[in-house]
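The values are calculated or read from the model by the stated rules, or taken from the named source; none is laboratory data. Remember, predicted model here, so these are calculated numbers, not experimental data. A quick note on method: Cβ atoms are made from the backbone with ideal geometry, for glycine too, and the neighbour counts reach across all protein chains shown. We work out accessible area using only protein heavy atoms, side chains counted, and drop any ligands, DNA or RNA first. Shrake-Rupley method; radii C 1.70, N 1.55, O 1.52, S 1.80 Å.
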Amino acid sequence: MFSYEKVKDNPIGFRAFTGLEQAEFEKLLVFFTVANRSYIEKNHIKGKKRQRRYGGGRRAKLARLEDQLFFILFYFKTYPLQEVIAFFFGLSQGQANEWIYRLSEILKMALGLAGQLPERNPQKLVETLAEYDLLEFVIDGTERKIERPQDKKEQKNYYSGKKKSHTVKNNLIVHPESRKVCYLSRTTEGKKHDKKICDEEGYTFPTNSILLQDTGFQGFAPDKVIVLQPKKKPSGQELTLPEKMMNRLISSARIVVENVIAGVKRCRVVKDIFRNTKEHFDDLVMEIACGLHNFRVEHRSPLHSFNLSDFYFQ
């Protein structure tokens, strides 16, 4: 049976199973403990008529909080079949299913207590972004494959011509200097265009901030924001040398958002074909994956940051 104690002294294996270093796990465990206590109070104690105290009776297989956190991180990082993770942790498939959905909620609460979840409310976006010293941001969309829906209408809505498969989509706003995901849009059907998500959610940015975007956001121009977007080559013409140089500069800066998305998708639950059918769980796992990425970035050595403003205003 897998457990935290059996793996914690194997640094390579521990990182492969959880996506975290052992020291990072211990830091997250502090917030997870508080979140677990709040979850139990809200869902099992407060306002409930109980014949015995919570925790009485038969002892659960995942009784220790260390094993519970290890279990849910293992699920997010490797995304095994529920029968497989049940076998590894000495559970039935039904018990594994119950633990996955319960611990996902607690993990989200823990990341929220740690201050690592991205903003989800577009009305609070400008307030969130204004907290950064360097007002430079990158926006991009990312798609995740899902199983083919049974309903014909949903098949059409979720089919992505770009990916040639059925997908769900999110927009992310990233801060290149800190390499954190500042904002995560709601999860939408893969057919929806990146710019349409922006228009529907109504993003606003701090005055005089710099926003880098690709041609998928053509026409998106928030007020009082410097928008930098690669210029397309006109039909039958060539770009000028300054235009080519600016395109290369923007592409060099935008590569940061691709690296951040790759960091988010270290969790295979948002990289592999998504199999879960519980309503809104596809949105929850993406929010948690972004929070785990932000948590790793917060606790690891800072990487070299690329500040486009150093070049743009010269």
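Computed values, structure above
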{"read-out": "Qualifying residue in the range 25-42 (condition: at pLDDT 95 or above, open to solvent by 50 Å² or more (accessible area, probe 1.4 Å), farther than 25 Å from residue 271 by Cβ and of a type in the set (A, V, I, L, M, F, W, C))", "value": "yes"}
{"read-out": "Candidate set: the range 143-167, residues that are in a strand (DSSP E or B) and in contact with a Gly (Cβ under 6 Å, 6 or more places away or on another chain); chosen: the one modelled with the lowest pLDDT", "value": "160"}
{"read-out": "Conditions (1) open to solvent by 80 Å² or more (accessible area, probe 1.4 Å); (2) under 17 Å from residue 78 (Cβ atoms): number failed by residue 278", "value": "(2)"}
{"read-out": "Unique match (being open to solvent by 60 Å² or more (accessible area, probe 1.4 Å), closer than 24 Å to residue 269 by Cα and touching a residue at least 60 places away in the same chain (Cβ under 8 Å)) among 119, 147", "value": "147"}
{"read-out": "Selected residue (only one of 231, 224 is open to solvent by 40 Å² or more (accessible area, probe 1.4 Å), farther than 30 Å from residue 149 by Cα and either modelled with pLDDT under 90 or in a helix (DSSP H, G or I) (or both))", "value": "231"}
{"read-out": "Tabulated pairs, the range 218-237, first farther than 18 Å from residue 251 by Cα, second assigned to a loop (DSSP other than H, G, I, E, B) and open to solvent by 50 Å² or more (accessible area, probe 1.4 Å), C-beta under 8 angstrom, 6+ apart or interchain", "value": "222/204; 223/204; 224/207; 224/208; 225/207; 225/208"}
{"read-out": "Some residue of the range 203-221 being within 30 Å of residue 18 (Cβ to Cβ) and open to solvent by 80 Å² or more (accessible area, probe 1.4 Å)", "value": "no"}
{"read-out": "Residue list for the range 178-230, restricted to those being closer than 26 Å to residue 295 by Cβ, of a type in the set (Val, Ile, Thr) and in contact with a Lys or Arg (Cβ under 9 Å, 6 or more places away or on another chain)", "value": "187, 188, 197"}
{"read-out": "Single residue of the range 277-311 satisfying the filter (within 19 Å of residue 24 (Cβ to Cβ) and part of a loop (DSSP other than H, G, I, E, B)) that is modelled with the highest pLDDT", "value": "300"}
{"read-out": "Unmet requirement for residue 265, which otherwise passes all of (1) open to solvent by less than 40 Å² (accessible area, probe 1.4 Å); (2) closer than 25 Å to residue 175 by Cβ", "value": "(1)"}
{"read-out": "One residue from 263, 216 being assigned to a helix (DSSP H, G or I) and either within 23 Å of residue 108 (Cβ to Cβ) or at pLDDT 90 or above (or both)", "value": "263"}
{"read-out": "Subset tally (residues that are among the β-branched types (Val, Ile, Thr) and surrounded by fewer than 20 Cβ atoms within 10 Å (Cβ to Cβ)) for the range 67-99", "value": "2"}
{"read-out": "Any chance residue 64 is open to solvent by 70 Å² or more (accessible area, probe 1.4 Å), touching an Asp or Glu at 6+ places or on another chain (Cβ under 9 Å) and at pLDDT 95 or above", "value": "no"}
